[in-house]
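Undergrad: Here it is, the structure, as structure tokens.
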There are 2 protein chains.
Amino acid sequence: MTNPTEKSRAASTVSSAPEASIIPIAAHERSADTPETPDAADANERIRLFAGRLPGLRVYRPSTFGEPVPFRRIELEPTPECFGGGRQPALWLADVTGPFGEGDGKGTPRLRARPEPGAPTQLQSAREGRVTPEMAFAAERENLGREAFLEELSRCGNPRAEALYAKLLAAPAFTPEFVRDEVARRRAVIPLNVRHPEAEPMVIGRAFSTKVNANIGTSASSKSGREEYAKLREALFCGADTVMDLSTGPEIRTTREMLLRASPVPLGTVPIYEALERAGGDPANLSWEIFREVLVEQAESGVDYMTIHAGVLKAHVELTRNRLTGIVSRGGGILARWMKDHGRENFLYEHFDEILDTAARYDITLSLGDGLRSGSIADGNDAAQFAELRTLGQLNAAAGRRGVQVMIEGPGHVPLSGVVENQRLEDDWCAEAPFYTLGPLVTDIGAGYDHVTAAIGATTIGAAGTAMLCYVTPKEHLGLPDACDVREGMAVFRIAAHAADIAKGIPGALLRDAAMSAARFEFRWDDQFLLSVDPERARRFHGEQLKGRGARTAHFCSMCGPSYCPMKLARDLFD
Amino acid sequence: MTNPTEKSRAASTVSSAPEASIIPIAAHERSADTPETPDAADANERIRLFAGRLPGLRVYRPSTFGEPVPFRRIELEPTPECFGGGRQPALWLADVTGPFGEGDGKGTPRLRARPEPGAPTQLQSAREGRVTPEMAFAAERENLGREAFLEELSRCGNPRAEALYAKLLAAPAFTPEFVRDEVARRRAVIPLNVRHPEAEPMVIGRAFSTKVNANIGTSASSKSGREEYAKLREALFCGADTVMDLSTGPEIRTTREMLLRASPVPLGTVPIYEALERAGGDPANLSWEIFREVLVEQAESGVDYMTIHAGVLKAHVELTRNRLTGIVSRGGGILARWMKDHGRENFLYEHFDEILDTAARYDITLSLGDGLRSGSIADGNDAAQFAELRTLGQLNAAAGRRGVQVMIEGPGHVPLSGVVENQRLEDDWCAEAPFYTLGPLVTDIGAGYDHVTAAIGATTIGAAGTAMLCYVTPKEHLGLPDACDVREGMAVFRIAAHAADIAKGIPGALLRDAAMSAARFEFRWDDQFLLSVDPERARRFHGEQLKGRGARTAHFCSMCGPSYCPMKLARDLFD
């Protein structure tokens, strides 16, 4: 294997594709009928979206180990005089875009120092009471620059803002020690292969902000690696906390290597897909030997977490006999087919100890796959699904004994009334290991809108404690997503994750909502765009109707118009 | 006033605008590389979307009073032989499109016989134990043709389908007597002004399918009545159970009259908007006299339900003093302004008895408005919001004594963890009167995606008992929706309402999901499109990638491709 430094050269070659530029978004809409007041000109200077998409400027704060942790720092307009005046503190957001979000957007990933394979895993270090640089990095990231925000607030001379934020800032900060403790208790993981120096540490667990994974990858019907690179960039620009490369087809290794060398976030795979490719596409030809070969190669190349469907047992498959939609997980289908063909137990279950050896050596986080998740409301929360979950609990315990980090995969299609039950059982059977769910989708009829069907269930399960949500795009059940679908799916899932954070009281989550609502009440339109989940879209939607009428400084919007604006009507009720 | 027959002529003139045709959707995608197999040709004949949008054919079933109740009857493909074969029963869906959904899509509304103003209200009849034709109509509509479905199923010779649907069909049917009882207990309303003979009866209450309202209407920034007509049609095609005309501006009367004469669903208004227009746009000039004049005129013209902000009291407004976003309801803002200007109590509260007299005379349902709903997560579930809700409970009791039907309006921005509390308090304070909520929106940062932010909260509150959801479009907080936004907002809210129905176990709700999932498992693609919330969109998304490869008969999709399709892999596990 190449060492990290050699890898970085390869990475910089691969990652030179995207175009990026700093675009003053206000310039897009300048037209003859836009009054060029001094105010508007100022705004043109001030409001910038990096590459037309990312709000604010990249800034860093050092972790307790001195490593720079990246954020987007969004400067906000002052409170208008009619609301009492005063400056606003800048708001900080997590920034997962790595080299895509700085400089010219083509930069070489910053390589982090990593131990050689075989060093203690994050879990082993945590148990021994050792705070690692990764824990410190992840802790700082979770804090969203609250310390800087508080300091700036104190210098703003804005009593209205001080009153607003006071109680939101009272929550304790995330400390490296807290991260260590959550990892040691196996309620959180930091998926980070020692062979993936391009990636930044990310902590995933119920006590932290809810994470969102974006699936990308080639398939038999869509073979372009270049397209997957564009999807990676798109997913990061939308805030994907991890990505999974679900590629199948002949280009599987090239695609993965390209994505790994470019990705600043943890990257997951489902190794059984590559194993199936090597078995010539026929599940009957699969074997433990082929799988092991793939496992080790993927470990060496730097995959941070791997979905392992070791809980799909023969007895569980039997429970799917009367299902409406049978087995809908690709991995589950492949293994069920293999077990049927060979009349033997799942080789991933039988060889789980060997899988743990490899995982421990590279500190790969195992994402124990839900091969029997439900594919329809009728099958939701059935015996097969829960039998597998119980087995995942046993496998999780075995992994814990070996010092291997674990996430547990869950849902599929589940009625809203049955969603929380999944989290409850996962807590019981899997000892609160980070739960990582697809959706759940709360109805079967949403084709074309299944990102929403899934986000509804995801918010509820996130609020109940699920640590990471796997996004779903509008193409679910219909076809492979393109970059546009990735954007739509990610935006909706960032909303779900954020709403879950608010519901479960994650410290700091409400700061952004408060800043947004203050901007709304004070008619600071540019700030509203920058603070929203997709600034470019929000701005475009607003501009469609009030363009060229001083819209961005108007004290009303086209929804109610000037005479019906309730916030305007009620503004001086208490003067 | 004109009598209903005279009105019908006016209506047919107004409603002649829309173009409609029966389009075999398969024809759209025929291209040189599409193999014209006999199968594909058959499908071209079979799959039809009325006006390119509505699945199935319009059929009627008689109510117990003999009135024809419209449905869409969707014929499904047989189970393929490899899955055991056998015909499928046709699935029935509610059809709210009235004249837009039949013939050439331009038809004259069918006028229903109505008593003169002053006859007993639905509530008064219900209390006296009298089942009305409206109750019978509404009951039949709620049953979704389950009786016909069951009968057809028994003749299909499809054991797989019989097993699938058996338990879903075991739930009791909705009877006219049940509707009467729910209305008598004031847990349901049938909003139907005696002066609106164009409208079909619709029952709204927690024991029935969750309804969705679409807001349309002109504003100062968007004055075209023609555009509102297009939005009405769009809303109905998407399944809006009621519409609200929230017009402001000079064309307010013309627009309302046009919409009323065209609308086959109950139409609601907020009369204070028109009152404000008559007061020259200045809240200070408002008076009870102006409002009463508007109220009576709107009653005469046939408005079925009216939002009345009678619960915004001076003492409650005081509770908004320290809010982050103050008052965000237009009606609430107008009345708070008026109270401040005049130093007097809300005239709607003071004259509530007179409002009840008019409502009783025309059987107008009062939708008691939440003028103090929260405009930000920070203000969610606060003292002002709940003080108003308690007052709405008192007003609801007064209306009950007078025989007037009532809905209670609720939410706004509320964290997911606080959503169910709203329903609980409404149940307690408002005696389970139908709750009608905007969202709730579960975060403030969703601008551009607030239809989703709202649908997430709406599903949860719907599952907790809310009877009707007010849709939110992607333009919320940014501008006025166009027809495209109406479609997007409605689709997402139909999903929310349906998911709520599943969660609370509304009889028959799961039939559609079961039919959809059976179609999915059996690779009946056309059926999947027809059963989804937006058939045209589902079909288009699927066709984008597999077009011309026999996609609609393929036993896989582009998501997994042929070798990874789990349903294909697992199909014969149990043979």
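The values are calculated or read from the model by the stated rules, or taken from the named source; none is laboratory data. Computed from a predicted model, the values in this text were never measured in an experiment. Every residue, glycine as well, gets a Cβ built from its backbone with ideal geometry; the counts of neighbours run over all protein chains shown.
Undergrad: Taking B:E488 and the conditions (1) at pLDDT below 95; (2) not in a loop (DSSP other than H, G, I, E, B), which numbered condition does it fall short on, given that it satisfies the others?
TA: Status for B:E488: all satisfied but (1).
Undergrad: Can you name the residue in region A:504-545 that is within 9 Å of chain B (Cβ to nearest Cβ) and not in a helix (DSSP H, G or I) and is also surrounded by the most Cβ atoms within 10 Å (Cβ to Cβ) among such residues?
TA: Among those that are within 9 Å of chain B (Cβ to nearest Cβ) and not in a helix (DSSP H, G or I), it is A:S532.
Undergrad: Of everything in region A:278-299, what is of a type outside the set (F, W, Y), crowded, with 17+ Cβ neighbours inside 10 Å and more than 14 Å from chain B (Cβ to nearest Cβ)? Give them in sequence order.
TA: A:I290, A:R292, A:V294, A:L295, A:Q298, A:A299
Undergrad: Another question, if that's okay. For residues in region B:431-445 being of a type in the set (G, A, S) and either closer than 22 Å to B:K231 by Cβ or crowded, with 24+ Cβ neighbours inside 10 Å (or both), which is farthest from the other protein chains (Cβ to nearest Cβ)? Outline the logic, then answer.
TA: Residues of region B:431-445 of a type in the set (G, A, S): B:431, B:433, B:439.
Filter again for either closer than 22 Å to B:K231 by Cβ or crowded, with 24+ Cβ neighbours inside 10 Å (or both), leaving B:433, B:439.
Values: B:A433: 23, B:G439: 11 Å.
So, considering only residues that are of a type in the set (G, A, S) and either closer than 22 Å to B:K231 by Cβ or crowded, with 24+ Cβ neighbours inside 10 Å (or both), the one farthest from the other protein chains (Cβ to nearest Cβ) is B:A433.
Undergrad: Given the structure, is B:V303 within 11 Å of another protein chain (Cβ to nearest Cβ), within 28 Å of B:E432 (Cβ to Cβ) and touching a residue at least 40 places away in the same chain (Cβ under 8 Å)? If you could, list the steps in order and put the result at the bottom.
TA: Working: within 11 Å of another protein chain (Cβ to nearest Cβ): no; within 28 Å of B:E432 (Cβ to Cβ): yes; touching a residue at least 40 places away in the same chain (Cβ under 8 Å): yes.
Criteria not met by B:V303.
Undergrad: While we're here: Please specify each residue of region A:446-468 satisfying the condition of being part of a helix (DSSP H, G or I), more than 10 Å from chain B (Cβ to nearest Cβ) and more than 16 Å from A:V486 (Cα to Cα).
TA: Taking region A:446-468 as the starting set, the residues that turn out to be part of a helix (DSSP H, G or I) are A:450-463.
Now restrict to residues that are more than 10 Å from chain B (Cβ to nearest Cβ): A:454, A:461.
Hit for region A:446-468 is A:I461, nothing else.
Undergrad: Also, I was wondering about something else. Have a look at A:E151, A:E182 and point out the one that is buried (at least 20 other Cβ atoms within 10 Å of the Cβ) and acidic (D, E).
TA: Selected residue: A:E182, the only one of A:E151, A:E182 that is buried (at least 20 other Cβ atoms within 10 Å of the Cβ) and acidic (D, E).
Undergrad: Let me ask something additional. Taking only pairs six or more apart or across chains, which ones have beta-carbon atoms under 7 Å, a first residue in region B:455-482 that is farther than 28 Å from B:C430 by Cβ, and a second residue that is in a strand (DSSP E or B)?
TA: B:L480/B:S219; B:L480/B:S222
Undergrad: I need a count of the residues in region A:380-395 that are surrounded by fewer than 24 Cβ atoms within 10 Å (Cβ to Cβ) and part of a loop (DSSP other than H, G, I, E, B).
TA: Residues that pass the stated criteria total 2.
Undergrad: Hand me the list of helices (runs of 4 or more DSSP H) wholly inside region A:326-379 holding 2 or more residues that are surrounded by 21 or more Cβ atoms within 10 Å (Cβ to Cβ) and within 9 Å of chain B (Cβ to nearest Cβ).
TA: Details: elements: A:330-342, A:347-350, A:352-362.
Because the criterion is at least 2 residues that are surrounded by 21 or more Cβ atoms within 10 Å (Cβ to Cβ) and within 9 Å of chain B (Cβ to nearest Cβ), the helices (runs of 4 or more DSSP H) in region A:326-379 that meet it are A:330-342.
Undergrad: Kindly provide the set of residues from region B:244-283 that are among the β-branched types (V, I, T) and modelled with pLDDT of 95 or more, ordered by number.
TA: In the first step, residues of region B:244-283 are kept if they are among the β-branched types (V, I, T); the result is B:248, B:252, B:254-255, B:265, B:269-270, B:272.
Listed by number, the residues that qualify are B:V265, B:T269, B:V270, B:I272.
Undergrad: I'm trying to understand the selection: among the residues of region A:185-243, which are among the small types (G, A, S) and assigned to a strand (DSSP E or B)?
TA: Result: A:A188, A:G205, A:A214, A:S219, A:S222.
Undergrad: Looking at A:D428, is it surrounded by fewer than 24 Cβ atoms within 10 Å (Cβ to Cβ) and within 12 Å of chain B (Cβ to nearest Cβ)? Walk me through it before giving the result.
TA: Working: surrounded by fewer than 24 Cβ atoms within 10 Å (Cβ to Cβ): yes; within 12 Å of chain B (Cβ to nearest Cβ): no.
Against the criterion (surrounded by fewer than 24 Cβ atoms within 10 Å (Cβ to Cβ) and within 12 Å of chain B (Cβ to nearest Cβ)), A:D428 does not qualify.
Undergrad: Considering every residue within region B:218-235, establish whether at least one is of a type in the set (V, I, T) and under 17 Å from the mean Cα position of the chain (by Cα). Explain how you work it out, then say what you get.
TA: Residues of region B:218-235 of a type in the set (V, I, T): B:218.
Still in the list and also under 17 Å from the mean Cα position of the chain (by Cα): none.
So far as region B:218-235 goes, no, none of its residues is of a type in the set (V, I, T) and under 17 Å from the mean Cα position of the chain (by Cα).
Undergrad: For the condition more than 12 Å from every other protein chain (Cβ to nearest Cβ), of a type in the set (S, T, N, Q) and either out of contact with any Gly (no Cβ under 6 Å at 6 or more places or on another chain) or touching a residue at least 24 places away in the same chain (Cβ under 8 Å) (or both), what is the one hit in B:T254, B:T218, B:T248?
TA: Details: B:T218 fails: more than 12 Å from every other protein chain (Cβ to nearest Cβ); B:T248 fails: more than 12 Å from every other protein chain (Cβ to nearest Cβ).
Going through B:T254, B:T218, B:T248 in turn, just one is more than 12 Å from every other protein chain (Cβ to nearest Cβ), of a type in the set (S, T, N, Q) and either out of contact with any Gly (no Cβ under 6 Å at 6 or more places or on another chain) or touching a residue at least 24 places away in the same chain (Cβ under 8 Å) (or both): B:T254.
Undergrad: Let me ask something else. Determine, yes or no, whether A:A398 is in contact (Cβ under 8 Å) with a residue 40 or more places away in the chain, buried (at least 24 other Cβ atoms within 10 Å of the Cβ) and among the small types (G, A, S). Give the derivation first.
TA: Values: in contact (Cβ under 8 Å) with a residue 40 or more places away in the chain: yes; buried (at least 24 other Cβ atoms within 10 Å of the Cβ): no; among the small types (G, A, S): yes.
So A:A398 fails the test.
Undergrad: Would region B:412-435 turn up any residue that is farther than 27 Å from A:A518 by Cα, part of a helix (DSSP H, G or I), among the small types (G, A, S) and free of Cβ contacts under 8 Å to residues at least 40 places away in the same chain? Steps first, please.
TA: Just the residues of region B:412-435 that are farther than 27 Å from A:A518 by Cα, to begin with: B:423-435.
Next, from what is left, pick out any that are part of a helix (DSSP H, G or I): B:423-429.
Now drop any that are not among the small types (G, A, S), which leaves none.
Scanning region B:412-435, I find no residue that is farther than 27 Å from A:A518 by Cα, part of a helix (DSSP H, G or I), among the small types (G, A, S) and free of Cβ contacts under 8 Å to residues at least 40 places away in the same chain, so the answer is no.
Undergrad: Taking the conditions exactly as written (crowded, with 19+ Cβ neighbours inside 10 Å, closer than 22 Å to A:K475 by Cβ and in contact with a helix residue (DSSP H, G or I) (Cβ under 7 Å, 6 or more places away or on another chain)), does A:T210 satisfy them or not?
TA: no
Undergrad: Please go through region A:483-503 and pick out each residue that is at the interface with chain B (Cβ under 8 Å from one of its Cβ atoms) and either touching a residue at least 24 places away in the same chain (Cβ under 8 Å) or under 30 Å from B:A538 (Cβ atoms) (or both).
TA: Here is the first cut: in region A:483-503, the residues at the interface with chain B (Cβ under 8 Å from one of its Cβ atoms) are A:491-492, A:495-496, A:498-500, A:502-503.
Result: A:A491, A:V492, A:I495, A:A496, A:H498, A:A499, A:A500, A:A503.
Undergrad: I'm told A:D304 meets every condition in (1) in contact with a helix residue (DSSP H, G or I) (Cβ under 7 Å, 6 or more places away or on another chain); (2) of a type outside the set (A, V, I, L, M); (3) farther than 30 Å from A:A383 by Cα except one. Can you identify the failing condition by its number?
TA: It fails just one condition, (1).
Undergrad: Same structure again: Filter region A:396-408 for residues that are outside any loop (DSSP other than H, G, I, E, B) and small (G, A, S) and give the result.
TA: As a first pass, look at region A:396-408 and keep what is outside any loop (DSSP other than H, G, I, E, B): A:396-401, A:406-408.
Passing the criteria: A:A397, A:A398, A:A399, A:G400.
Undergrad: Kindly establish whether B:P474 is assigned to a loop (DSSP other than H, G, I, E, B) and within 17 Å of A:A496 (Cβ to Cβ). I'd like the intermediate steps shown before the answer.
TA: On the way: assigned to a loop (DSSP other than H, G, I, E, B): yes; within 17 Å of A:A496 (Cβ to Cβ): yes.
Against the criterion (assigned to a loop (DSSP other than H, G, I, E, B) and within 17 Å of A:A496 (Cβ to Cβ)), B:P474 qualifies.
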